[in-house]
Amino acid sequence: MIDRGEDQTNWAKANAMTGEELEASILADPDDIHEDIDWTKAIKGLPPRKDHINIRVDHDVLEWFRSNGRGCQTMMNSVLRAFVDSRTASKQNALRTALLGHALKTPADQTKNGFKSQQSRNREGAVR
C-alpha cells in the first residue's frame, strides 16, 4: 500500500481533532523530544573532507565496531577524531603551561633553581 504512494493516516480522525487534542497527542508521543535542544556543541559549517583509505585492523576490533550496527566506519572515524583532538589539546595545554610557567617565574625563582637568564646576567653586568 505504501509502495503505491498511499499512506495509513486516518485523515478523517486527524481533521476532526481540535487544537487542544492535537497538542495533547503530541505531548503523549514518546518519540517527541519535549525539552530544549542544547546547541552548545553544534558545529557551524561543512564537515571536513574525508579520504578513502584501505587499513588493516585487528579482527576483534573490527568485530566490536560492526557489532554496534550500521555506521561502524563513522564510529571509527569519531574515535580517531576524539583521539587526535585529545592529543592536540594536550600538546597545546603543555605548550601554554610551559610558556606561562616560564613567563611567570621571577628572577628570584630563576636563581633559586640555579638558572639565570641571559637578560638578568646582562643587567647584573651593567650594574657592576
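The values are calculated or read from the model by the stated rules, or taken from the named source; none is laboratory data. Fair warning: this is a prediction, and the values are worked out from it, not measured in the lab. As a convention, Cβ positions derive from the backbone with ideal geometry for all residues, glycine included, and neighbour counts pool all protein chains shown.
Points to keep in mind about this one:
- A search for C-beta distances below 8 Å between a residue of the range 5-28 that is small (Gly, Ala, Ser) and assigned to a helix (DSSP H, G or I) and any residue that is at pLDDT 85 or above and surrounded by 10 or more Cβ atoms within 10 Å (Cβ to Cβ), counting only pairs 6+ apart in sequence or on different chains, returns Ser25/Met17.
- Cβ separations smaller than 6 Å between residues 6+ apart or across chains give no pair from the range 66-84 residues that are loosely packed, with under 10 Cβ neighbours inside 10 Å to residues that are part of a loop (DSSP other than H, G, I, E, B) and not small (Gly, Ala, Ser).
- The number of residues in the range 1-22 being surrounded by 10 or more Cβ atoms within 10 Å (Cβ to Cβ) and at pLDDT below 90 comes to 2.
- Verdict on Gly45 being on the phi > 0 side of the Ramachandran plot, without any contact (Cβ under 8 Å) to a residue 60 or more places away in the chain and surrounded by 10 or more Cβ atoms within 10 Å (Cβ to Cβ): no
- Residue-level analysis places Glu35 outside the set of residues that are part of a helix (DSSP H, G or I) and either more than 30 Å from Asn10 (Cα to Cα) or of a type in the set (Asp, Glu) (or both).
- In the range 40-73, the residues that are assigned to a helix (DSSP H, G or I) and not aliphatic (A, V, I, L, M): His59, Asp60, Glu63, Trp64, Phe65, Arg66, Ser67, Cys72, Gln73
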